[in-house]
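The values are calculated or read from the model by the stated rules, or taken from the named source; none is laboratory data. Values in this document were obtained by computation on a predicted structure and should not be read as measured data. So basically every Cβ, Gly included, is an ideal-geometry build from the backbone, and we count neighbours across all protein chains shown.
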Amino acid sequence: MSTETAATTTADHRKPSVLFVCVHNAGRSQMAAAYLSHLSEGRIEVLSAGSQPADQVNPSAVEAMKEEGIDITAETPKILTTDAVKASDVVVTMGCGDECPYFPGKRYEDWVLEDPAGKGVDSVRPIRDEIKGRIQQLIRELLPTGAGTPGTSTTA
């Protein structure tokens, strides 16, 4: 991925940036950030944060993502900052309500998704799958059509 990142920074356009925000930054926003990083193959800058971050990422979210071949065990919930919002082109909120800062000129989306907090992996899978579908749509919207097919691997 480092080769793609280096190639992207030398391109004519800077990478689009997406910030995922939920209250605890432990489930939905972590899964969304992981999917976007993975499926965009480094072509989109990804941030995630929470208005009241938890101590750790939800273990059921970690397990559900592991089933998809994406390891988020090293991720930690982060506090939402004004700078993170300012640095992002798209801000996707997931239940943080009025605690999310608003800046004119940013694209905001509110994804209404069930909160995986306190749920087992069987209950988290449908949430994960809905997030994946939304991420695939977001990639189609943010990346030019000539940039390749998002979410597919290519052999070098």
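Give the stretch 32-45 a look and list any residue that's among the acidic types (Asp, Glu) and either in a loop (DSSP other than H, G, I, E, B) or within 17 Å of residue 131 (Cα to Cα) (or both), or say none. Of everything in the stretch 32-45, just one residue is among the acidic types (Asp, Glu) and either in a loop (DSSP other than H, G, I, E, B) or within 17 Å of residue 131 (Cα to Cα) (or both), namely 41.
If the condition is being farther than 13 Å from residue 125 by Cα and of a type in the set (Gly, Ala, Ser), then the stretch 55-94 contributes 69, 74, 84, 87, 88.
Quick one: which of 60, 48, 29 is assigned to a strand (DSSP E or B), surrounded by 18 or more Cβ atoms within 10 Å (Cβ to Cβ), small (Gly, Ala, Ser) and modelled with pLDDT of 95 or more? Spell out the reasoning first.
Details: 60 fails: assigned to a strand (DSSP E or B); 29 fails: assigned to a strand (DSSP E or B).
So the residue among 60, 48, 29 that is assigned to a strand (DSSP E or B), surrounded by 18 or more Cβ atoms within 10 Å (Cβ to Cβ), small (Gly, Ala, Ser) and modelled with pLDDT of 95 or more is 48.
Restricted to the stretch 79-130, and to residues there that are in a loop (DSSP other than H, G, I, E, B), within 15 Å of residue 30 (Cα to Cα) and in contact with a strand residue (DSSP E or B) (Cβ under 9 Å, 6 or more places away or on another chain), the residue that is modelled with the lowest pLDDT is 96.
Being hydroxyl-bearing (Ser, Thr, Tyr) and more than 15 Å from the chain's Cα centre (by Cα) is the filter here; which residues of the stretch 74-107 pass it?
Restricting attention to the stretch 74-107, the residues satisfying the condition of being hydroxyl-bearing (Ser, Thr, Tyr) are 76, 81-82, 88, 93, 102.
Across the stretch 74-107, the qualifying residues are 81, 82, 102.
Does residue 41 satisfy the criteria of being more than 16 Å from the chain's Cα centre (by Cα) and in contact (Cβ under 8 Å) with a residue 60 or more places away in the chain? Judged against the criteria, residue 41 is not a match.
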